[in-house]
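See structure below.
Readers should treat all values here as calculations from the given coordinates under stated rules, not as data from a laboratory. Not measured: the values here are computed from a predicted model. Please note: Cβ atoms are built from the backbone with ideal geometry, for glycine as well, and neighbour counts cover all protein chains shown.
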Amino acid sequence: MNSAAEFPVATPNGAPLLEARHLRKAFASSGAAWENSHRRTQAVEDVSLTITRGETFGVVGESGCGKTTLARMLLRLIEPDSGEIRFAGENWLAAGCVSMRKIRRRMQIVFQDPMASLDPRMRVEGIVGEPLEIHEPQLSREERRARITETLEAVGLSADILHRYPHEFSGGQRQRIGIARALILRPDLVVADEPVSALDVSIGAQILELLERLQREFSLTLLLISHNLPVVAQLASRVAVMQAGRFVETGPTARVLRFPEHAYTRTLLAAVPRLPA
Ligand SMILES: Nc1ncnc2c1ncn2[C@@H]1O[C@H](COP(=O)(O)OP(=O)(O)OP(=O)(O)O)[C@@H](O)[C@H]1O
Ligand SMILES: [Mg+2]
């Protein structure tokens, strides 16, 4: 079933950047000692997706449905139990050390909690510049600093914060620093896993606007993950609705919002508060 013949799969516009077929991942459950210790949680169950270059693809679903596990497999931060992943046509799961390094720099992640994801002992210059030190060590100090400054400006921060520490910033500013770190290598794909759920609504809205602008400016392909349907709907051209490890519905965002096919999608829509007209 997981044959290479399933690739490539036709997508609405343009070339696929990321394709996954039949991804599965289970974890050993940490149940009570008297329970069957072989019980496993099927975090992701047979998920397939195709993300086209330059699009924003949204994944929405309630807490624990497997969104982060899926994202971590796509980035190869954890290995799937089974399934296939292609990145820019290459068999990503079979990539050896050298091509893994090359592919890895092309995909970056923005985390939910900017405080937890930024090293509190490092200054902004070190945090944002670290990926350059790893992947472009040939750059001179001046060149590196120029890249850092340029990227900070792209996310709406000024260069005079280079020597400050994460705790000196607000949540929204910290998330901008996290985004700058994700962008500095000019990746093709950015995975944003609940990028605004730790932020106040108005600050979150600014971060979403920023992601939308950066996606255009940097021609990014964006995988936007959230438990919040309006967040995903605001940016995504296509959306997958995830429930208990599976995609129960995938389609253009406008279609899924207006004509939801799956009962679970309708439940998510019904949960969205409406402003009085
Ligand atoms: N490392 C792990 N070890 C054991 N179980 C795990 C691990 N990671 C995830 N799980 C379990 O897998 C399931 C899916 O978790 P996951 O974090 O992917 O969900 P999620 O949709 O990202 O949730 P949230 O919205 O809360 O971030 C959950 O039941 C979770 O407890
Ligand atoms: Mg998660």
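Values as computed for the structure displayed
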item: Built amide H within the under 5 Å cut-off of ASN91, gap 5+; result: none
item: DSSP bridge pairs, the chain: antiparallel proportion in percent, nearest 5; result: 55 percent
item: Overall Cα dimensions of the chain - principal axes, largest extent first, Å; result: 55, 52, 51
item: Proximal charge balance of HIS167 [Cβ under 13 Å; K/R count +1, D/E count -1]; result: +2
item: Distant-in-sequence amide H partners of GLU62 (H built 1.01 Å from N, under 5 Å); result: none
item: Solution diffusion estimate, µm²/s, Stokes-Einstein, segment 107-186, Kirkwood Rh from C-alpha pairs, 10 °C, viscosity 1.306 mPa s; result: 129 µm²/s
item: Burial ordering of TYR165, TYR264, fewest other beta-carbon atoms within 10 Å first; result: TYR165, TYR264
item: Calculated from backbone phi, Karplus (6.51, -1.76, 1.60) coupling profile of segment 168-178 in Hz, x at Gly/Pro; result: 7, 10, 6, x, x, 5, 4, 5, 5, 5, x
item: Unit charges at the beta carbon, dipole of segment 127-277: most positive-side option, ILE127, ALA154, ALA254; result: ALA254
item: Mean ellipticity per residue at 222 nm, deg cm²/dmol - from DSSP H runs of n ≥ 4 across the chain, formula -39500 (n - 2.57); result: -10000 deg cm²/dmol
item: ³J(HN,Hα), Karplus 6.51/-1.76/1.60, whole Hz, each residue of segment 152-165, x for Gly, Pro; result: 4, 5, 4, 9, x, 10, 9, 5, 6, 9, 3, 9, 9, 9
item: Gaussian network model of the chain, Cα within-10 Å springs - most flexible of GLN138, GLN175, GLN215; result: GLN138
item: Calculated FRET value between ALA263 and SER82, using beta carbons and R₀ = 22 Å, to 0.05; result: 0.20
item: Enclosed volume per residue, in Å³, of the convex hull spanned by Cα atoms of segment 119-277; result: 142 Å³
item: Computed FRET value (nearest 0.05) for ARG39 with ARG213, which takes r as the C-beta separation and R₀ as 41 Å; result: 0.35
